[in-house]
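The values are calculated or read from the model by the stated rules, or taken from the named source; none is laboratory data. Remember, it's a predicted structure, so these values are computed and weren't measured experimentally. Every residue, glycine among them, receives a Cβ derived from its backbone with ideal geometry; neighbour counts consider all protein chains shown. SASA here: full protein model, heavy atoms, side chains in, ligands and nucleic acids out. Shrake-Rupley method; radii C 1.70, N 1.55, O 1.52, S 1.80 Å.
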Amino acid sequence: YLLLMAGSIGFVVVNHHRANELRSFVRRATPPPQKASADEPCNVVLTTTAADFDSLAAACALAQLWSNLPGYCEVPTHVVLPRGAMPSVARFLAYHKHILPVRGFKTIEKSDIRALGVVDASSSERLGRAKEWLEAAESVHVFDHHISSDTNNKDSFTSQDKEQIRIQEWVVEAVGSTTTMIVERLRKYNLVPAPALATLYILGIRADTGGLAYESTSLRDAEALCWLLGQNASQAAVAEFSLDRIGAEVREALAMALPKVETTVCRGVSLATVAVQTPRFVSGLAHIADELLALTSADVLLLAAVVSDDETTINKNAKKKFWIDLIGRARARSANVDLRKVMTHFGAGGGHPRAAAVSVNDDFLANFSPEEILSQARKLVEDQIPSQVTAADLMRSPPIIHDTATVAQARNFLDSHSKPSVFVIDKNNRLRGQLKLSDVVKAERRSRSGDGVKAFMRSQLGHAVPPEAKLAELEAKLESTGRLPVIDSQGSLLGVVTRTDVLNARHFYHSLPPDTIAFEQQNVVTNRRTDFDFDDDYDDIVHSGSFSSSDDDVC
């Protein structure tokens with residue numbers, strides 16, 4: 001029994017020894033595994049952090065372009081989102097990621113990168129952790145549509161050593177969407193996107209042009225959009241994914257913010273500010289800013305979104321760590337306000353003059369409370385608002401006749417000057433009233449052309465403004481009449497302000513026709529005549545809310 005046991009133990013020892021020798025032989029015979037990334041050279045296109053539709057669409061369009069161009073198509077092109085996406089974009093990706101050239105950040109080795117594309121950003125700070133790839137890439141290609149004082153300066157792209165970054169393309173153009181720029185290149189090379197990609201490109205252009213409604217929109221954006229509509233893009237998908245869904249957290253934050261909004265008026269521009277605090281980061285804060293701008297009717301809105309679990313953070317410079325996202329929105333009427341400049345004061349902000357945001361950097365967080373940071377932002381906006389123009393700045397010489405004139409003389413004046421109305425003054429230049437074309441026509445039909453104008457003129461004293469009246473007051477009054485006489489304290493007529501003057505002051509149009517009877521009305525006035533004055537009587541009817549018996553002829 002003992003001999004049998006000893007033999008068994010010896011057999012086990014010998015076999016264990018042989019097994020170890022076998023494993024050692026296999027290890028020596030098998031070459032060490034190579035890194036998978038060494039065999040995966042590729043091109044990469046980066047979106048911005050918290051990618052929006054324009055950033056994702058432009059990145060996918062550039063990936064499509066490079067996948068078909070010699071010099072790029074030899075290796076695959078991947079789209080990488082450095083740090084997440086906006087909620088609406090994340091929802092789109094949840095349905096379409098499998099058909100898009102999107103790869104995870106950790107699946108790319110920077111040593112594998114050949115060409116590196118950057119879209120919708122001309123600052124490396126908007127690339128998050130991916131900015132370290134700039135030095136590793138063999139070539140860097142930047143495409144952006146955010147025009148500012150430093151976007152044509154490549155030194156603004158990154159603070160790193162330029163000798164190590166090989167920027168091959170730097171394309172910054174004044175269009176409404178970066179996607180437009182890349183789609184134009186697809187058209188140039190006759191590269192037709194698949195329906196799902198065409199749909200994404202449409203979403204990108206619509207997002208950054210507001211459906212072609214934002215003032216930065218160009219004809220190029222509209223043409224690119226029309227071309228994409230012809231490539232079997234899905235309007236059903238556009239309708240589904242272009243509408244943002246506001247989650248419960250966003251609704252709760254909006255409900256907290258609305259009662260706290262403080263509105264001030266600075267030189268005719270209404271400025272609303274609000275700070276809202278949440279215990280954790282809430283995705284979709286831009287929706288809160290958009291909703292507050294609409295609900296408050298403010299011209300400019302500044303929202304400080306504070307992330308902290310200390311309920312007193314907003315009201316004091318708490319020692320406890322907190323984070324602030326500062327978001328700004330502005331209407332077109334606040335033309336002199338550039339929110340990008342405001343945001344860059346607090347960190348690597350980005351966006352447009354009317355819509356911008358920034359994650360406030362640590363230096364500000366360490367030295368100022370959220371309320372103080374919001375106050376600084378408000379001051380920066382106020383410094384951009386110019387002095388408000390007055391009636392004296394806008395007024396022009398008014399068309400006038402004396403109160404001793406007859407209806408026939410008034411008719412000759414209106415015809416010869418192509419004016420729809422004329423102001424009536426007395427011998428001391430004091431304003432007595434206004435005579436409209438329709439008043440003259442009514443008098444003629446009653447065979448009273450020889451009567452004095454005083455019998456038919458209308459009092460305009462209620463619409464008269466002093467020369468120091470501000471633009472905001474002029475706009476409010478022009479909602480009910482087409483012309484505002486400017487008078488001094490003695491009632492003397494100094495000038496007139498019209499809708500055209502206000503439109504020019506707002507810089508809404510490059511040019512406007514003069515304040516004369518419209519071209520289509522000139523033939524009516526000189527040949528057929530009418531009792532209806534489109535510019536004045538229409539206002540009277542609309543603002544009265546009803547028709548009286550005296551309006552029968554006008555109708």
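Using 0.36 nm per residue of separation minus the Cα-Cα distance, give me the extension gain between residue 267 and residue 476 in nm, one decimal. Write out the running numbers ahead of the final one.
On the way: separation 209, 0.36 × 209 = 75.24 nm, distance 1.53 nm.
Using 0.36 nm per residue and subtracting the Cα-Cα distance, I get 73.7 nm.
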Item checked: residue 260-residue 214 FRET efficiency (beta carbon distance; Förster radius 25 Å; 0.05 resolution) -> 0.35
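Multiply the residue separation of residue 362 and residue 99 by 0.36 nm, subtract the distance between their alpha-carbon atoms, and state the gained length in nm to one decimal.
Working: separation 263, 0.36 × 263 = 94.68 nm, distance 3.93 nm.
Using 0.36 nm per residue and subtracting the Cα-Cα distance, I get 90.7 nm.
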Next item on the list: Starting from the Kirkwood radius over alpha-carbon pairs of the stretch 345-440, derive D by Stokes-Einstein at 20 °C in a medium of 1.002 mPa s and give it in µm² s⁻¹.
Entry: 115
Notebook entry, point to check: For the stretch 176-194 and the stretch 199-229, what is the separation of their Cα centres, given in Å?
Noted result: 12
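Tell me the carbon and sulfur percent of the accessible area for the stretch 306-458, rounded to whole percent, probe radius 1.4 Å. Walk me through the numbers before you get to the answer.
On the way: 3380 of 7200 Å².
Here carbon and sulfur together make up 47 percent of the probe-accessible area.
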Checklist line | Convex hull projection area averaged over all views, the stretch 90-141, Cα basis, nm² | finding: 4.3
Check: Say each of residue 242 and residue 75 gets a label point 7 Å from the Cα, pointing the same way as Cα to Cβ; how far apart are those two points in nm?
Finding: 3.8
Notebook entry, point to check: With θ set to phi - 60° and the Karplus curve 6.51 cos²θ - 1.76 cosθ + 1.60, what are the ³J(HN,Hα) couplings of the stretch 489-499 in order, to the nearest whole Hz, using x for Gly and Pro?
Noted result: 5, 8, x, 6, 7, 9, x, 9, 10, 10, 4
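In the structure displayed, which of 419/454; 341/379; 131/379; 260/477 lie more than 23 Å apart, Cα to Cα?
Where the Cα-Cα span goes over 23 Å, the pairs concerned are 131/379; 260/477.
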Checklist line | Estimated vicinal HN-Hα couplings, Hz - the stretch 249-256 in sequence order (Karplus 6.51, -1.76, 1.60; Gly, Pro = x) | finding: 5, 5, 4, 5, 5, 5, 5, 6
Notebook entry, point to check: Which FRET efficiency value, to the nearest 0.05, is calculated for residue 447 and residue 406 with the Förster distance at 22 angstrom and r the Cβ-Cβ distance?
Noted result: 0.95
Margin query: Through the Karplus equation 6.51 cos²θ - 1.76 cosθ + 1.60, θ set to phi - 60°, convert the phi angles of the stretch 398-403 into ³J(HN,Hα) values in whole Hz; use x for Gly and Pro.
Written below: x, x, 9, 9, 8, 5
Next item on the list: Using a 10 Å cut-off on Cβ atoms, rank the peptides 344-354, 431-441 from the highest mean neighbour count down.
Entry: 431-441, 344-354
Item checked: Charged-residue dipole, Cβ positions (Lys, Arg, Asp, Glu), the stretch 252-301 about Cα centre, Debye nearest 20 -> 140
